[in-house]
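Peer 1: The structure follows.
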Amino acid sequence: MKYNTIIDGDGIAYAISAVMEQSYMKLLPPIDLVSNEEYTDLIIHLNMSLEWNVCESLDSHCISLLENKIREINEYVDADKMILLIGGSNTYRKGIYKHYKESRSKTPKLQSLTRIKKLLQRRYNASWVKGIETDDACTITYNHYRNSGDPIILVHTDKDLKQCAGEHLKYPTYYDKQFTKYSVSEDEALLHLLRQHVQGDTIDGVKGLEGRGEKYVDQLISTNTLVPQRVLEEYIIRYGRIHGMYQFSKNFLLVHMLTNSEDINFTVPGWTKLKRTEG
């Protein structure tokens, strides 16, 4: 079946950046003194202001790698058009909890990553996301077009996006060399959100409901009590009424992917038509 694609481009950019990093490091200016919280205009300026001939060979090779990956994805589902999203930031959730993804800020940033995202923007009209994370933009965009009449599929390797009900495609990576297409039902999407809400996410700094984990969620499923009210009750039992409601709300906002653009400054991008290659 044909699908048009909505692609989380950050994963693609990161994978190629990891391959190209050592070569780019010899030419790109350092960004150590620039905030790691978001891909700022300053970083973009520093990385893209170099004369073309300085990085011409590297950029050309990088563009070739990007084109191969994007073509591979779109040919797999016979797409006619796509939306590619890149470059989001976590400022939305940092405003809720200042320690959100704090551990990641201590990890050295790939120096070539922003440049490669910018190449995606130039080559494929990728939409640069600001203020929210790229996976938020993916869920918002997917939900916007979901009932448009054209079959669409969400392309990514991000576990968080399993909160989005619909058609998904996981593309080949270094660790898994094959495509995996799967569907997520409304109930399965809610289940994934509930698991994250209860278990938290240590990588993102979300503690969740301390003392409760996967077995607790499985118990809720087995007793047909898969409802947020039960989780709220557990938060209140664990932390007390006021602090429990606060922790419940805070953690929910941290793990829940945004689903519409009504209350945030994000414009859903339009489609980019794909050029057909002659056989």
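Peer 1: For Val217, state whether it is within 26 Å of Thr91 (Cβ to Cβ) and either touching a strand residue (DSSP E or B) at 6+ places or on another chain (Cβ under 9 Å) or outside the structural domain of Tyr76 (by TED's automatic domain parsing) (or both). Quick ask: steps written out before the conclusion?
Peer 2: Numbers: within 26 Å of Thr91 (Cβ to Cβ): no; either touching a strand residue (DSSP E or B) at 6+ places or on another chain (Cβ under 9 Å) or outside the structural domain of Tyr76 (by TED's automatic domain parsing) (or both): yes.
Judged against the criteria, Val217 is not a match.
Peer 1: Still on this structure, please answer the following. Checking His168 against (1) of a type outside the set (Asp, Glu); (2) part of a helix (DSSP H, G or I); (3) surrounded by fewer than 23 Cβ atoms within 10 Å (Cβ to Cβ), which single condition isn't satisfied?
Peer 2: It fails just one condition, (2).
Peer 1: Of everything in the stretch 74-87, what is at positive phi and either surrounded by fewer than 23 Cβ atoms within 10 Å (Cβ to Cβ) or among the acidic types (Asp, Glu) (or both)? Give them in sequence order. Break it down stepwise before answering.
Peer 2: Residues of the stretch 74-87 that are at positive phi, as a first pass: 78, 87.
Of everything in the stretch 74-87, just one residue is at positive phi and either surrounded by fewer than 23 Cβ atoms within 10 Å (Cβ to Cβ) or among the acidic types (Asp, Glu) (or both), namely Asp78.
Peer 1: To continue, here is another question. Kindly establish whether Leu191 is modelled with pLDDT under 85, of a type in the set (A, V, I, L, M) and in a helix (DSSP H, G or I).
Peer 2: On the way: modelled with pLDDT under 85: yes; of a type in the set (A, V, I, L, M): yes; in a helix (DSSP H, G or I): yes.
So Leu191 passes the test.
Peer 1: A further question on this structure: When the stretch 266-279 is examined, which residues are found to be in a loop (DSSP other than H, G, I, E, B), modelled with pLDDT of 80 or more and farther than 11 Å from Leu84 by Cα?
Peer 2: Taking the stretch 266-279 as the starting set, the residues that turn out to be in a loop (DSSP other than H, G, I, E, B) are 266-271, 274-279.
Next, only the ones that are modelled with pLDDT of 80 or more stay: 266-271, 274-275.
Residues satisfying the conditions are Phe266, Thr267, Val268, Leu274, Lys275.
Peer 1: So which residues in the stretch 171-211 are surrounded by fewer than 18 Cβ atoms within 10 Å (Cβ to Cβ) and among the basic types (Lys, Arg), if there are any at all?
Peer 2: Those that are surrounded by fewer than 18 Cβ atoms within 10 Å (Cβ to Cβ) and among the basic types (Lys, Arg): Lys177, Lys181, Lys207.
Peer 1: Filter the stretch 255-265 for residues that are buried (at least 18 other Cβ atoms within 10 Å of the Cβ) and either part of a helix (DSSP H, G or I) or over 15 Å from the mean Cα position of the chain (by Cα) (or both) and give the result.
Peer 2: So in the stretch 255-265, the residues buried (at least 18 other Cβ atoms within 10 Å of the Cβ) come out as 255, 257-258.
Across the stretch 255-265, the qualifying residue is only Val255.
Peer 1: Can you tell me which of Thr157, Thr267 is among the hydroxyl-bearing types (Ser, Thr, Tyr), in the same structural domain as Ala79 (by TED's automatic domain parsing) and under 24 Å from Thr141 (Cα atoms)? Full working, then the answer.
Peer 2: Details: Thr267 fails: in the same structural domain as Ala79 (by TED's automatic domain parsing).
Among Thr157, Thr267, only Thr157 is among the hydroxyl-bearing types (Ser, Thr, Tyr), in the same structural domain as Ala79 (by TED's automatic domain parsing) and under 24 Å from Thr141 (Cα atoms).
The values are calculated or read from the model by the stated rules, or taken from the named source; none is laboratory data. The structure presented is a predicted model; accordingly, all values stated were derived computationally and were not measured. Cβ atoms come from the backbone with ideal geometry, glycine included; neighbour counts cover every protein chain shown.
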